[in-house]
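Novice: Take a look at the following structure, please.
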Amino acid sequence: MGGTAQTLRPFLWRAAKLHSDTEIVSRTGRGIERYDYEGYERRVGQLANALADAGIDSGDRVATVCWNHHWHFETYFGVPSYGAQLHTINPLLPDHHVEYIVENAEDKLLFVDASLIEKIEAVADSPSLSSVEQYVVMGDAVPETNLDPVTDYESFVEGHDTEYDWPSLEDDTPAGMCYTSGTTGKPKGVEYTQSMLWGHTMATLTPQGLEFDESDVIMPVVPMFHVNAWGMPYSATAAGAKHVYPGPAPEPADLAKLIEEEGVTFTAGVPTVWLGLLEYLEENDADLSSLERIVIGGSAAPEAVIRQFDEKYDVEVLHAWGMTETSPIGTVSHLKSKMDDWDADRQYEKRGKQGLIAPGLEFKVVGDDGGEVPWNGEDFGEMYIKGPWVTQEYFERPEANEADFEGEWLKTGDVVTVDEEGYVQIVDRAKDVIKSGGEWISSLELENALMAHDDVAEATVVGVPHERWQERPVAFVVPVEGTDEDELREGVLASIREEYPRWWAPDEVVFIDEVPKTATGKFDKKVLREEYDDQSLVEGAVPEDAAPDE
Ligand code: ADP
């Protein structure tokens, strides 16, 4: 009966044995750093010994606030294989979200990039961070800081034994954690167990997943603070592939250079990144000949992007869908072999959809009447999903569990159609949120901030389509009679900018006489969205430094 538990450790053990000299490359503030799996495994061993020395117990949470680099990757195996839980925190969140997240997770140790240290310094004195017993700064030397006690990463691991006696863990040992701000209200914690990450890794390796092999050179551009960089640090290791980490806030020029110099075959990220690269390639020469595939997900991949990569650069775009709750790969848009001889337009029509369910998962589409809708490409409903790497609950959030799960099913909040061939297409979002450049903006929080203003009678915030960021927030405000609109616009924008990251600020504040309402008296955003579904409203309005990925 049975085998040993499904855990991450054997993936690294195998890579270090079979592909010991395959490289891990990292773009850092100090330039390119590289070592091989053998060197990586030694560092991971040192990290585990350092965790023990720092008093970390199995089950403790260890947080990271870091970009994509080899130090962050060391925590990816070092922390969960030690038996602790790796909690990746998104540094682009508003400060009060970071405070809530650290308090809720009770993180004991926190790794932070030198370049992101201000984010943590801003909240470090809050009682919410009182669980943090030590800060470790990755990257350059520790700057003058109010973090205490603090050490730098190299000193933290230095001198420790490279061998570690790895514990036997269970399938359900918590291994990872990531908060999602997807829906309204406070961010919700998703815990990944060892077996969830194991299952997700194995599915990713299959041809129906991302089909990784040891010959691949894999560059995760999607941040490692987003659902484990879509699991790639684990799946690339399981394949024994070369890793390339693009470092802090990579520009299109950095990505093009890494692809060219490191021979990247596979990369992945949100549409905004690839639109930026295409734009860069219009003006600059770069040799992308090594690149075979790009996974685009997080927001809908525009068909024009899929076509351009294909036609101009001979790069296959795989459109994928997933959520923090699904670890995240849920669907991938592969063509079925019988479609090989279809004409290009018919193929793009399929490839532009979010795709086919990954092997191991199940889904259903539930219509307004509570029944399942047929797979005819037209009828739509909310997608429910379940499977070994789909979470069954949020961390300590009973009210969210009540709302977002039905038995084993996770209600995704995505409204989809499924065609006769089983291709899922997202047609709408049941959850009232805005996703800009791959990052969430809570319309509810913005609405509350607007309505806190004395001269605002009513306000609502709507996501408007945007070519570069996919969506941008636009505020619709009913002013109190007699208010100076220009002053009010400046006033509300200034107060939002004070409390939230710059890129949360609405691109436009549109004054209206009344917010349209549904029959039950709720704000009818559909009406506003349809009325203002006009690119020119927001095109070009976003300041460069407002970019969520910068
Ligand atoms: P991630 O951004 O890593 O996919 P999140 O949990 O932050 O994870 O966001 C998940 C949500 O993002 C989905 O429920 C869906 O609304 C949206 N999403 C993800 N992938 C796509 C896609 N390919 N097309 C359209 N929307 C997507």
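The values are calculated or read from the model by the stated rules, or taken from the named source; none is laboratory data. Predicted, not measured: the structure shown is a model, and the values here were computed from it. Here the Cβ positions follow ideal geometry from the backbone for every residue, glycine too, while neighbour counts run over all protein chains shown. For the accessible areas, the whole protein counts, side chains as well, though only heavy atoms, and no ligand, DNA or RNA atoms are used. Shrake-Rupley method; radii C 1.70, N 1.55, O 1.52, S 1.80 Å.
Novice: Determine, for each peptide in 102-113, 211-222, the mean count of other beta carbons within 10 angstrom over its residues, then list the peptides with the highest first.
Specialist: For the peptides 102-113, 211-222, the packing ranking is 102-113, 211-222.
Novice: Next up: Measure off 7 Å from each Cα along the Cα-to-Cβ vector at K312 and W375, then give the distance between these two points in nanometres to one decimal.
Specialist: Simple spin-label model gives 3.6 nm for this pair.
Novice: Something else: Percent relative contact order of the chain, based on C-alpha pairs within less than 8 angstrom and at least six residues apart?
Specialist: 11 percent.
Novice: In terms of Cα to Cα distance under 27 Å, which lysines are near enough to K353, apart from those fewer than 8 places away along the same chain?
Specialist: K312, K336, K338, K364, K386, K411, K431, K435, K525, K526
Novice: Right, something else. When the label point is put 7 Å from the Cα of K336 along its Cα-to-beta-carbon vector, which residues of the stretch 364-389 have a backbone N closer than 16 Å?
Specialist: Correct set: 375-378.
Novice: Given a 1.4 angstrom probe, I'd like the percentage of the accessible area of the chain that is carbon and sulfur, rounded to a whole number.
Specialist: Roughly 44 percent, rounded to a whole number.
Novice: For V295, what residues show an amide H to amide H distance below 5 Å, using hydrogens built from the backbone and excluding near sequence neighbours?
Specialist: Result for V295 returns T267, A268, G269, L318.
Novice: Provide the per-residue ³J(HN,Hα) series for the stretch 115-127, in order, calculated from phi with Karplus coefficients 6.51, -1.76, 1.60 and θ = phi - 60°, each as a whole number of Hz, with x at glycine and proline positions.
Specialist: 6, 10, 4, 4, 4, 7, 4, 5, 10, 4, 7, 6, x
Novice: Under the definition of Cα pairs under 8 Å and six or more residues apart, what whole-number percent is the relative contact order of the stretch 432-546?
Specialist: About 25 percent, as a whole number.
Novice: Residues of the stretch 277-436: accessible area per residue at 1.4 Å, in Å²?
Specialist: I get 45 Å² per residue for this part.
Novice: Would you calculate, for the chain, the mean residue ellipticity at 222 nm contributed by helices, counting each DSSP H stretch of 4 or more residues as -39,500 (n - 2.57) and dividing by all residues, to the nearest 500?
Specialist: Per the formula, -9000 deg cm²/dmol.
Novice: Continuing with this model, one more query. What number, in percent, do you get for the relative contact order of the stretch 281-382 if the mean sequence gap of Cα pairs under 8 Å and at least 6 apart is divided by its residue count?
Specialist: Dividing the mean separation by the residue count of the stretch 281-382 yields 20 percent.
Novice: How much length, in nm to one decimal, is gained on full extension between E402 and D419, taken as 0.36 nm per residue of separation minus their Cα-Cα distance?
Specialist: 3.1 nm
Novice: List the residues whose amide H sits under 5 Å from the amide H of I434, counting only those 5 or more places along or on another chain, with H placed 1.01 Å from N in the peptide plane.
Specialist: I441, S443
Novice: Here's something else I'd like to know. Would you mind computing, in nm to one decimal, how far apart the modelled labels at A5 and D165 are, each placed 7 Å from Cα along Cα→Cβ?
Specialist: Result: 1.8 nm between the two label points.
Novice: Quick check for you: with a 1.4 Å probe and neighbouring chains kept, what is the accessible area per residue of the stretch 1-99, in Å²?
Specialist: 35
Novice: State which entries of K186/K350; K17/K242; K108/K186 exceed 24 angstrom in Cα-Cα distance in the structure shown.
Specialist: Violating the 24 Å limit, Cα to Cα: K186/K350.
Novice: Tell me, what ³J(HN,Hα) does each residue in the stretch 241-257 have, in order and in whole Hz, if you take phi through Karplus 6.51 cos²θ - 1.76 cosθ + 1.60 with θ = phi - 60° and put x for Gly and Pro?
Specialist: 7, 6, 9, 10, 9, x, x, x, 5, x, 8, x, 4, 5, 5, 4, 5
Novice: Let me ask another. Which whole-angstrom value gives the distance between the alpha carbon centres of the stretch 187-220 and the stretch 250-270?
Specialist: Taking the Cα centre of the stretch 250-270 as reference, the centre of the stretch 187-220 is 20 Å away.
Novice: Continuing with the same structure: I'd like the Karplus ³J(HN,Hα) series for the stretch 135-143: coefficients 6.51, -1.76, 1.60, θ = phi - 60°, whole numbers in Hz, and an x wherever there's a Gly or Pro.
Specialist: These are the phi-based 3J(HN,Hα) values: 10, 10, 9, 9, x, 7, 4, 5, x Hz.
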